[in-house]
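J.: There's a structure below that I have some questions on.
The values are calculated or read from the model by the stated rules, or taken from the named source; none is laboratory data. These numbers were taken from a predicted model, which means no experiment stands behind them. Using ideal geometry, Cβ is built from the backbone for each residue, glycine included, and neighbour counts are taken over all protein chains shown.
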Amino acid sequence: MCQTCGCTPIPGLEESDREGHDHKHHGESHSHGGDSHGHSDSRMIQLQANLLEKNDALAAENREWLATRKVLAINLVSSPGSGKTTLLERTIRGLAGKVSISVIEGDQATERDAERIRAAGARAVQVNTGAGCHLDAHMVTHALRELDPPPGSLLAIENVGNLVCPALFDLGERLKVIVASVTEGDDKPEKYPHMFRAGGLVLLNKVDLLPHLSFDPQRFTAMAQRTNPELPILPISATAGDGLDAWYSWLQGQMAA
Amino acid sequence: MHELGLTQEVIEIACRKCEGARVRRVVLEVGLLTAVLPDAMLFCFDLCAEGTPLEGAKLDIRQVPGKARCRKCSKDLTLEQPFGNCPCGSLDLEWLSGQELRIVELEVV
């Protein structure tokens, strides 16, 4: 007996033949396609359950929590070694006395980056993701409670170095800042289009090294804007200081917005 | 490997919704424009399902093609990757499908 509607099998048909049958029943005609219709002893439960629903709900709570405290949160994403932590150290020192900054540091292991941030003069919470390749909204919820960033401050969330997975997971930030560096290939935007599509700003770091490299900034810009036509790109060097005033102005503009 | 976390999420949602029944099949829609590999989810699924009402269940993944509409000339396009140009030259596309990442239905016994 078909448990979906209680009909009895058509005589002579094997159990396996009954999937995908059409029949009339109670005066109504309906069909059971093999894909949507289970076996005779089973039933289907219809869902429209988004796999990111739980993360997105927590991210929305984080966003609201940050908004009520007027804290600007940015999610720094990049490949490993692009200079995210160096940029944060430099930014903390460069904006000392003007902007209060706290940092959530995401790495698979070690407390090292949080120690570097504290040495630069900001408060930091380290989140170790273990086997995880990205931060998620739940980790950030806990880190926020622990860090308790003061009203009107800047919260930088340094994600795990990875240009794939963090693109998918909203943390509750205002926007994602992609740190790309000229020691990587200039075709990164087309290789990692999800991230460049999700970004709100690109900082193109280590530009002081350009004379020694074959990196083509115009090619990089064209590819980045092909994935995301509105994406602004600021060339900087976190060590030599190029472009940092423009980065600080951008940050302060976002804080005022 | 965010597919591992997403597969665990599939198991968690299915366990919550299966009303105590055994799950024989999970039908999942994965858009072609998401950064999610169906093969990686299939690879994780059996392991994640062990010891749950989904043990031995089949993960049936339906891939949803990427469709977009040009905001400039309103032409509909198919996207193979998460970016593209309209023949009119515009890069400004509104995505219509291809970002799905959801459980559509469960077959339970």
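J.: Can you name the number of the only condition in (1) more than 26 Å from residue A:199 (Cα to Cα); (2) more than 10 Å from chain A (Cβ to nearest Cβ); (3) assigned to a strand (DSSP E or B) that residue B:26 fails?
T.: Failed condition: (2).
J.: Which residues, counting only those in the range B:32-56, are within 11 Å of chain A (Cβ to nearest Cβ) and of a type in the set (Gly, Ala, Ser)? Before the answer, list the steps.
T.: In the first step, residues of the range B:32-56 are kept if they are within 11 Å of chain A (Cβ to nearest Cβ); the result is B:33-37, B:41.
B:35 - this is the single residue of the range B:32-56 that is within 11 Å of chain A (Cβ to nearest Cβ) and of a type in the set (Gly, Ala, Ser).
J.: Residue A:91: surrounded by fewer than 19 Cβ atoms within 10 Å (Cβ to Cβ), more than 14 Å from chain B (Cβ to nearest Cβ) and of a type in the set (S, T, N, Q), yes or no?
T.: no
J.: Taking the condition of being within 13 Å of residue B:59 (Cβ to Cβ) and more than 8 Å from chain A (Cβ to nearest Cβ), how many residues in the range B:8-23 meet it?
T.: 4
J.: Could you tell me whether any residue of the range A:124-132 is touching a Leu at 6+ places or on another chain (Cβ under 7 Å) and within 14 Å of another protein chain (Cβ to nearest Cβ)? Reasoning before the result, please.
T.: In the first step, residues of the range A:124-132 are kept if they are touching a Leu at 6+ places or on another chain (Cβ under 7 Å); the result is A:125, A:127, A:129.
Within this subset, residues satisfying the condition of being within 14 Å of another protein chain (Cβ to nearest Cβ) are A:129.
The answer is yes, given that some residue of the range A:124-132 is touching a Leu at 6+ places or on another chain (Cβ under 7 Å) and within 14 Å of another protein chain (Cβ to nearest Cβ).
J.: Something else now. I'd like the full set of residues that are in a helix (DSSP H, G or I) and within 23 Å of residue B:2 (Cα to Cα), limited to the range A:135-151.
T.: So the first thing to find is which residues in the range A:135-151 are in a helix (DSSP H, G or I), and the list is A:137-147.
Listed by number, the residues that qualify are A:137, A:138, A:139, A:140, A:141, A:142, A:143, A:144.
J.: Could you check the range B:77-103 and list, in sequence order, the residues that are surrounded by 18 or more Cβ atoms within 10 Å (Cβ to Cβ) and either of a type in the set (Val, Ile, Thr) or more than 12 Å from chain A (Cβ to nearest Cβ) (or both)?
T.: Listed by number, the list holds a single entry, B:103.
J.: So for the range A:52-62 (the condition being away from chain B (no Cβ under 14 Å) and crowded, with 18+ Cβ neighbours inside 10 Å), does at least one residue qualify? Quick ask: steps written out before the conclusion?
T.: Initially, the range A:52-62 is screened for residues away from chain B (no Cβ under 14 Å), giving A:59-62.
Among the residues that remain, those that are also crowded, with 18+ Cβ neighbours inside 10 Å are: A:59, A:62.
The answer is yes; a qualifying residue exists.
J.: Given the range A:167-257, what helices (runs of 4 or more DSSP H) lie entirely inside it while holding 2 or more residues that are surrounded by 15 or more Cβ atoms within 10 Å (Cβ to Cβ), more than 14 Å from chain B (Cβ to nearest Cβ) and touching a residue at least 40 places away in the same chain (Cβ under 8 Å)?
T.: A:244-256
J.: If residue A:41 satisfies all but one of (1) away from chain B (no Cβ under 14 Å); (2) exposed (fewer than 15 other Cβ atoms within 10 Å of the Cβ); (3) of a type in the set (D, E, K, R), what's the number of the condition it fails?
T.: Residue A:41 satisfies all of (1) away from chain B (no Cβ under 14 Å); (2) exposed (fewer than 15 other Cβ atoms within 10 Å of the Cβ); (3) of a type in the set (D, E, K, R) except (1).
J.: Oh, and also: Does residue B:52 satisfy being crowded, with 21+ Cβ neighbours inside 10 Å, in a loop (DSSP other than H, G, I, E, B) and in contact (Cβ under 8 Å) with a residue 12 or more places away in the chain?
T.: no
J.: So, one more: Could you tell me which of the residues B:72, B:67 is under 17 Å from residue A:197 (Cβ atoms) and either in a strand (DSSP E or B) or out of contact with any strand residue (DSSP E or B) (no Cβ under 8 Å at 6 or more places or on another chain) (or both)? It would help to see each step written out before you state the result.
T.: Numbers: B:72 fails: under 17 Å from residue A:197 (Cβ atoms).
After applying the criteria, what remains is B:67.
J.: Here's another thing I want to ask about it. Taking the range A:40-88 only, how many residues are under 30 Å from residue B:22 (Cα atoms), out of contact with any helix residue (DSSP H, G or I) (no Cβ under 7 Å at 6 or more places or on another chain) and β-branched (Val, Ile, Thr)?
T.: Within the range A:40-88, residues that are under 30 Å from residue B:22 (Cα atoms), out of contact with any helix residue (DSSP H, G or I) (no Cβ under 7 Å at 6 or more places or on another chain) and β-branched (Val, Ile, Thr) number 0.
J.: Hey, among the residues in the range A:122-142 that are out of contact with any helix residue (DSSP H, G or I) (no Cβ under 9 Å at 6 or more places or on another chain) and modelled with pLDDT under 95, which one's surrounded by the most Cβ atoms within 10 Å (Cβ to Cβ)? Reasoning before the result, please.
T.: Residues of the range A:122-142 out of contact with any helix residue (DSSP H, G or I) (no Cβ under 9 Å at 6 or more places or on another chain): A:128, A:130, A:139, A:142.
Still in the list and also modelled with pLDDT under 95: A:128, A:130.
Working: A:128: 15, A:130: 7.
Out of the qualifying residues, it is A:128.
J.: State yes or no: is residue B:34 buried (at least 17 other Cβ atoms within 10 Å of the Cβ), touching a residue at least 24 places away in the same chain (Cβ under 8 Å) and not in a helix (DSSP H, G or I)? Quick ask: steps written out before the conclusion?
T.: On the way: buried (at least 17 other Cβ atoms within 10 Å of the Cβ): yes; touching a residue at least 24 places away in the same chain (Cβ under 8 Å): yes; not in a helix (DSSP H, G or I): yes.
When the stated conditions are applied, residue B:34 passes them.
J.: Inspect the range B:68-76 for any residue being of a type in the set (S, T, N, Q), facing another protein chain (nearest Cβ under 10 Å), without any contact (Cβ under 8 Å) to a residue 60 or more places away in the chain and surrounded by fewer than 20 Cβ atoms within 10 Å (Cβ to Cβ) and give the result as yes or no.
T.: From the range B:68-76, those of a type in the set (S, T, N, Q) are B:74; that's our starting set.
Still in the running and facing another protein chain (nearest Cβ under 10 Å): none.
The answer is no, given that none of the residues of the range B:68-76 is of a type in the set (S, T, N, Q), facing another protein chain (nearest Cβ under 10 Å), without any contact (Cβ under 8 Å) to a residue 60 or more places away in the chain and surrounded by fewer than 20 Cβ atoms within 10 Å (Cβ to Cβ).
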